[in-house]
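Below is one structure, written out as structure tokens; the observations come after it.
Read-outs: derived from the displayed coordinates by stated rules, not from any lab. Given the structure is predicted, the values throughout are model-derived calculations rather than measurements. Heads up, the Cβs are rebuilt from the backbone with ideal geometry, glycines too, and the neighbour counts pull from every protein chain shown.
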Amino acid sequence: MVLVIGAVLSLQLAGLRVYQHTASADWASFDAGQAVERLEDDIRNCYRVTGRYDDRITVSRPLTAYDSIAGGYFPVQPLEEGQSVRYYLSDDSGALGLSGTYLWRAERAAGGSIYVLNPAPLADNITALEFTYELAPAPRDASTRYVNLRIEALVREGGTTTTRSHSARILCRNWEYGPITAETGIDEEE
């Protein structure tokens, strides 16, 4: 009886160790996974991509107005450029242009000139933030149609540190509203 109980306890402890090992890795990359979802939502629904870089992105969201019949804020029709949102890596200060492992989101009001940083970073321990862009076919060949996103996060698994990668290929829902004339993809203030 003692041998059977000992064997069962041994199996339970081994299973618990495997669970803890997997759970710690999953929780460590949870913030990065949530950040990817937030990025995907902003990019998918953007009015257009206004800043195309390898290591950061700026998008303008459609201007919204309150619809009393539907009871909420919805994009005005026809679509107009609204709030701008920027995603980038920096240190714990959140200053653009500094290197670091914190993923930041900053917003600029429609018609505004200053980006306001979110009070806390979206994720930490991010080792890579990469964007590639696929442009739309003519006549809107300056407009961004697809954004390919990759985020790499440090994960501690047991006694070792490894990286986990989160990626997405995002179709910009409103790409046909991008410019017909040449677009540099460079933010105006930089």
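What FRET efficiency would be calculated for the residue pair residue 163, residue 1, taking the C-beta separation as r and a Förster radius of 41 Å, to the nearest 0.05?
Given R0 = 41 Å and the Cβ-Cβ separation, E is 0.30.
In whole Å, what is the distance between the alpha-carbon centres of the range 109-147 and the range 52-82?
Their Cα centres are 14 Å away from one another.
Grab the beta carbon distance between residue 12 and residue 37, set R0 = 41 Å, and tell me the FRET efficiency rounded to 0.05.
FRET efficiency, residue 12 to residue 37: 0.75.
For labels at residue 114 and residue 79 in the simple 7 Å Cα→Cβ model, what's the distance in nm?
3.0
Residue farthest toward the positive end of the dipole of the range 21-177, with Cβ of Lys/Arg at +1 and Asp/Glu at -1: which of 116, 153, 99?
The residue sitting farthest along the positive end of the dipole is 116.
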